[in-house]
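A quick write-up on the structure given underneath.
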Amino acid sequence: MSLLKQLEEVKKGTPHIEREKTPLQGLKIKVHERLVKELDEDLLKDEDEAKKRAVLKEQVERFVVSTSLEDQISYTKKEYEKLVKEIVDEILGLGPIEPLIQDPFITEIMVNGPKQVYIEKGGKLELTEIRFKDDNHILSIIERIVSPLGRRIDESSPYVDARLKDGSRVNAIIPPLALNGPVLTIRKFFKEPLKIHDLIRFGTMTMELAEFLSACVRCRLNIIVSGGTGSGKTTTLNVLSSFIPNSERIITIEDAAELQLQQEHVVRLETRPPNIEGKGEVTTRDLVRNALRMRPDRIIVGEVRGGEALDMLQAMNTGHDGSLTTVHANSSRDALSRIETMVLMAGMELPIRAIKEQIVSAMDLIIHQSRFQDGSRKIVNVTEIQGMEGDTITLQDIFTFRQRGIDEKGRVLGELKPTGIKPRFSDRFKERGIEISRDLYQLY
């Protein structure tokens, strides 16, 4: 939606500008109307967002001052700054939630309705004081997000996944599927990717585990990161990828690009939904198959959730070792069951035992992560896939988290410790010239 169109909608009386009857609200409407008439649209075609915002802010400030003098409207400095910011955010940003987008400590924004906007901050949910005027106001913000992407959301297509310019992931769903009105969820994208020392500082993992996982990635083990929604799987996957040598060609495949690899030779692929006519869809499975023809050293799939699991297993079994992926699951064992089910979704009539044998042959390690009641995210199991006993895949925990309780501030207490069992694949470290400190081996 162009800036001019947005401004014209305001002039017509779009639902999100309240035509109430306080002096400041009246001032806001008049400034919008002046912008429609007098703002030079060419000045705002610049792709430099900072410059665009600065130009508009200067114009809005001028209009607010002159209009308030004409109408003899007084206000405090705080009210003036708030009014200018609201007008700029309505036109260039995402309206009431723009300050939440700009806050680096907020990781998730959840708009459940005009009067209910939640955020996740420090791993905990909080109800904010942010308000929309009504459902139409929320719909206008959703439309502003999806329109530039060539996407639509209406009764015939009532939900959509999209991405903001900074990479933040957006999901919107509207009536008739959302019974109480439009719902908007935004998972923020960190401009500076978290590093291994950040996860150690947060208590997600220990120094010993970091050294062990670094060796596993450099040794080209195939690794699954499992966990529930919001458990930090993608963050851990991103950190694991940092251990990949800079000399390798890496291909990433994601539904919504979130990985931030720092290596030089990275090819990023992203799925594409069908267009308005229902054509042109490109799935994760399509991209996994295509990636095999691109001479990858490593393939990283952001998340397996369907038939692409079969292609991923076949790739791992045909020389593309060192691959990484995530899967939604409640435990390490559950992760394998989920993969078995997803392989069946590929439409190949394979016996369950054959699928299990492929999993054992392809996968080496499962890292299971959980989100605790205090908002912390921790790796709770690092599990080796060892082999088959009858029709059962045998697993062995290498590290486990043992919770001791909760302190007076509600924080989870516990330690991530080795189990004392040396993994079978540890001999591969020596074969590849990767040394693990004696102290770590003694922990086993």
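The values are calculated or read from the model by the stated rules, or taken from the named source; none is laboratory data. Computed from a predicted structure; not experimentally measured. All Cβ positions, even for glycine, are placed from backbone atoms using ideal geometry, and neighbour counts span all protein chains on display. Just the protein is used for accessible areas: all its heavy atoms, side chains included, with ligands, DNA and RNA removed. Shrake-Rupley method; radii C 1.70, N 1.55, O 1.52, S 1.80 Å.
General remarks:
- Flag for residue 57 being at pLDDT below 80 and open to solvent by 80 Å² or more (accessible area, probe 1.4 Å): no
- The selection criterion, being touching a His at 6+ places or on another chain (Cβ under 9 Å) and either within 15 Å of residue 366 (Cα to Cα) or surrounded by fewer than 21 Cβ atoms within 10 Å (Cβ to Cβ) (or both), does not hold for residue 151.
- In the range 13-35, residue nearest to residue 71 (Cα to Cα) [restricted to those that are at pLDDT below 70 and open to solvent by less than 20 Å² (accessible area, probe 1.4 Å)]: 17
- Selection status of residue 308, under 22 Å from the mean Cα position of the chain (by Cα) and either over 27 Å from residue 216 (Cβ atoms) or among the charged types (D, E, K, R) (or both): yes
- Test: residue in the range 228-239 that is in contact (Cβ under 8 Å) with a residue 60 or more places away in the chain, open to solvent by less than 40 Å² (accessible area, probe 1.4 Å) and among the polar types (S, T, N, Q): yes
- The range 151-259 holds strands (runs of 3 or more DSSP E) entirely within its bounds, and those carrying 1 or more residues that are modelled with pLDDT under 95 and among the basic types (Lys, Arg) map to 159-163, 169-173, 183-187.
- Residue that is nearest to residue 110 (Cα to Cα), among those in the range 163-177 that are touching a residue at least 40 places away in the same chain (Cβ under 8 Å) and open to solvent by less than 30 Å² (accessible area, probe 1.4 Å): 168
- Among the residues making up the range 256-291, those that are open to solvent by less than 40 Å² (accessible area, probe 1.4 Å) and either in contact with a Cys (Cβ under 9 Å, 6 or more places away or on another chain) or of a type in the set (Ser, Thr, Tyr) (or both) are 271, 284.
- Among (1) open to solvent by 50 Å² or more (accessible area, probe 1.4 Å); (2) closer than 24 Å to residue 28 by Cα; (3) touching a Phe, Trp or Tyr at 6+ places or on another chain (Cβ under 7 Å), the one test that residue 133 misses: (3)
- Scan of the range 178-211 for residues that are free of Cβ contacts under 8 Å to residues at least 24 places away in the same chain, closer than 25 Å to residue 133 by Cβ and not hydrophobic (A, V, I, L, M, F, W, C), ordered by number: none
- Taken over the range 99-150, the criterion of being among the charged types (D, E, K, R) and either within 23 Å of residue 230 (Cβ to Cβ) or part of a strand (DSSP E or B) (or both) is satisfied by 103, 108, 120, 121, 124, 126.
- Unique residue being over 18 Å from residue 220 (Cα atoms) and in contact with a strand residue (DSSP E or B) (Cβ under 7 Å, 6 or more places away or on another chain) when the list is 420, 405, 410: 405
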